[in-house]
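First comes the structure, then the notes that go with it.
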Amino acid sequence: MVDRGHLNELARIRGLMDRSSRFLSLSGWSGIIAGVAALLGAVAARAHYLSIGPGVPTHDAWREASGLMERLGAPEYSAHLRFLIADAVLVLLVTLIGAWWTTRRRGRRIGQPLWDASGKRLALNLAIPLLTGGGFSLALLWHDLVFLIPPSTLIFYGLALLNASKYTLDEVRWLGLCELFLGLVACFRPDAGLLFWAIGFGVLHIVYGAMMYLRHERA
């Protein structure tokens with residue numbers, strides 16, 4: 001019969017190995033904060049679209065900015081595009097601050113520094129696809145292909161999560177797969193780009209954050 005003390009020692013060693021190779025300080029609250037921020041940003045973008053697009057049918061209320069070019073003059077289009085960019089930057093800032101604060105807090109509880117070797121590997125593997133996707137989105141914006149930006153951001157974000165998932169918790173891999181699938185579907189529905197963006201960055205993040213909290217933090 002295996003001694004309980006040996007089992008506890010093996011569990012401790014396994015925990016130390018996981019902590020040294022994987023970043024385990026991710027908090028479910030960071031996902032919830034990111035999801036709520038994304039949903040609020042999407043609602044603000046929709047409201048602004050409706051405010052400058054009188055007579056827009058309800059089923060078209062989620063259309064992306066490039067659809068405005070057909071109905072509005074250049075000044076109104078540019079104003080809406082600037083609003084969307086400012087809205088996205090604000091959502092990103094809230095997400096980053098929330099992720100930093102909740103991850104730092106959880107890291108202190110479990111004794112893992114925020115910027116150790118595993119955290120650096122996670123950040124590097126997350127940043128490469130994200131920066132590539134950001135550059136690609138700027139190219140789409142430059143060529144006035146705004147309707148492709150929502151699905152592109154979902155796809156590159158999903159690839160970033162998949163690339164970084166081997167250095168952190170397994171739930172990140174499943175979130176990445178869901179984002180990737182949603183982005184591919186959104187490519188075939190350019191009329192609902194903002195809606196897919198809200199589902200991917202909003203709803204999925206909240207579901208992921210809640211699962212993370214229930215599985216790893218509630219106890």
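Read-outs: derived from the displayed coordinates by stated rules, not from any lab. This is a predicted model, so every value here is computed, not measured.
Out of every Cα pair in the stretch 28-210, what percent are spaced more than 21 Å from each other?
The proportion of pairs with Cα distances above 21 Å equals 50 percent.
Could you give the Stokes-Einstein D for the stretch 116-159 in µm² per second, using the C-alpha Kirkwood radius, 25 °C, 0.890 mPa s?
In µm²/s, the coefficient is 221.
Can you classify the stretch 152-219 as rounded, prolate or oblate using the Cα gyration tensor, where a ≥ b ≥ c are the square roots of its eigenvalues, rounded means a/c under 1.5, and otherwise it's prolate if a/b beats b/c and oblate if not?
Cα axes put the stretch 152-219 in the oblate bin.
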